[in-house]
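Step one of this worksheet: look at the structure below.
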Amino acid sequence: MSVTTRDARHASIAGIWLRVVLVFAMTLPMLILYAISTLGPLIGHDLRFEPALLGYLVMSSFGLAAILSLWAGIFVDRIGSRYALIALFFTIASAFTLMASVENFYGLVAAAAVCGIAQALANPVTNLLIAQQVPPEKRAQVVGLKQSGVQVAALFAGLVLPGIAIQYGWRVALGMIVPAAILFGITAPFVTPKIHARTGRRFMFLPPNSLLLRLMGIQFCVGISLSAFVTFLPTFATQQGMPLSMAGTLIAVFGVMGIISRMVLTPMGAKLADESLLLLVLIAIAACAVMATMQAGPAKLWWLWVGAAGMGLTAVGTNAIAMSMLIRDPAFGPVSAASGLVSAAFFGGFALGPPLYGALSNYSTGLPLGWSMQVSSLLLACALSLVLASARRRKVQAPTC
């Protein structure tokens, strides 16, 4: 009896640690985005580059992630979740070590690009690990939990990093990420299967099927708007007269709302026959949140809080729902490969959004074109969600032979 109790206790501890590792496997790769957003003004002042160039740091990281994600799922299938997870955490440790030691903008671009390797691995390896280690009835809940790790990064970057950077410098703030990444890299073998059956598939691009292609389009459009919004929200807030310390708190609010969104909406979506319509509703509300942000001004700073909370509650949750759809429905294709392709589309949008916003904002006068671009991108994602819902309905209704 005592042996059974002890085994149950060990299984419970292992299950908890698995969830912790899954959360941080999503948190640490995405931390680069929010660190650039909140520490950008300090880094720019120290390394002497204009704030508009922050978009190219994001582009460097997520652009590489988008390219690598095309093969990341196959790579994870071949080497297994254990070695992929170890590679993810030690890549993050290397990237933040480089970022904390660079002396110019170009070095920062190169260091940020290294994070793209970990970002490409994050969704395929965590989704595969969930499929291997979590019972089917709990998978949607665990997907929501691990996807909330992205927003944990926003919360940490908004509340913790600015204070450390002001007190000790931005290099120390970035350098403190390194020990955490090494710790998780060392402990990764304790939550991964000892034996991995290789798929034997070659490292070649596998084109998405029609359903997956539609989902990729939705995530690409959401990624454009979401990355531009997060990267430039603190800068836009300071332009409206908000103090820099409070502008960083906007990202923390965004992060808290995102955690709630992913924890609540992912299990909710799993109970629906088709999550596509839920995506449509969330993305439509996100478009309204961006339009609310556009109303902000020196006398109307409260619109910034409305926009940050609205985007966190809606657009953030769509990626978790998309990943849950891949795990639940085999019609999208093999989990790891499909996760890699959806991540490639999402990261492609993330890479394009900030520099596109910067270019349009510099060009426009009056109402910023950069914000209008975000709304347009989200409206296109709404249309694609309707198309995806229609396609899935037709597939279900089609007679089988």
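The values are calculated or read from the model by the stated rules, or taken from the named source; none is laboratory data. Because the structure is predicted, anything quoted here is derived from the model rather than measured. Neighbour counts run over all protein chains shown; Cβ positions are idealised from the backbone, glycine included. Surface accessibility is based on the protein's heavy atoms, side chains included, excluding ligands, DNA and RNA. Shrake-Rupley method; radii C 1.70, N 1.55, O 1.52, S 1.80 Å.
The table for this structure:
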| read-out | value |
| --- | --- |
| The chain - mean residue ellipticity at 222 nm from DSSP helices (-39,500 (n - 2.57) per run, n ≥ 4, rounded to 500) | -28000 deg cm²/dmol |
| Gaussian network model of the chain, springs between alpha carbon atoms under 10 Å - residue of Val172, Val306, Val230 with greatest fluctuation | Val172 |
| Net +/- balance of residues flanking Phe105 in space, Cβ distance below 14 Å, scoring K and R +1, D and E -1 | -2 |
| Estimated FRET transfer efficiency (Ile164, Asn104; beta-carbon r; R0 22 Å; 0.05) | 0.45 |
| Leading residue at positive end of dipole, the chain (Cβ point charges), from Ile74, Leu33, Asn123 | Ile74 |
| Extension gain, Ser376 back to Leu47 (0.36 nm per residue minus Cα-Cα distance, nm) | 115.0 nm |
| Whole-number percent relative contact order across segment 221-375, with pairs defined as alpha carbons under 8 Å at least 6 apart | 38 percent |
| Size of electric dipole in the chain: Cβ of Lys, Arg +1 and of Asp, Glu -1, about Cα centre, debye, nearest 20 | 1080 debye |
| Nearest-10 value in Å² for the accessible area of Lys395, using the 1.4 Å probe | 120 Å² |
| Value of relative contact order over the chain, rounded to a whole percent, pairs C-alpha under 8 Å and six or more apart | 27 percent |
| Quotient of C-alpha Rg and 2.2 N^0.38 Å, computed over segment 261-401 | 1.19 |
| Inter-site label distance for Val264 and Phe190 at 7 Å from Cα along Cβ, in nm | 3.4 nm |
| Gaussian network model of the chain, Cα within-10 Å springs - most flexible of Leu88, Leu28, Leu380 | Leu380 |
| Residue list for segment 144-182, given a label point 7 angstrom along the Cα-to-Cβ vector of Ser245 and an amide N cut-off under 14 Å | 159-168 |
| Cα-projected label distance for Arg393 with Asp274, points at 7 Å along beta-carbon direction, nm | 0.5 nm |
| Listed residues Leu145, Leu386, Leu215, most fluctuating in the chain (Gaussian network, C-alpha, under 10 Å) | Leu386 |
| Calculated P(r) tail over 36 Å for the chain, as whole % of Cα pairs | 20 percent |
| Computed accessible area, Glu103, all protein chains, 1.4 angstrom probe, square angstrom | 140 Å² |
| Computed over segment 1-126, Cα set: Rg, Dmax in Å | 18.0, 66 |
| Under 20 Å from the Cα of Lys395 - aspartates and glutamates, other chains or at least 8 residues apart | Asp274, Glu275, Asp329 |
| With every protein chain in place, the chain: carbon and sulfur % of accessible area (1.4 Å) | 69 percent |
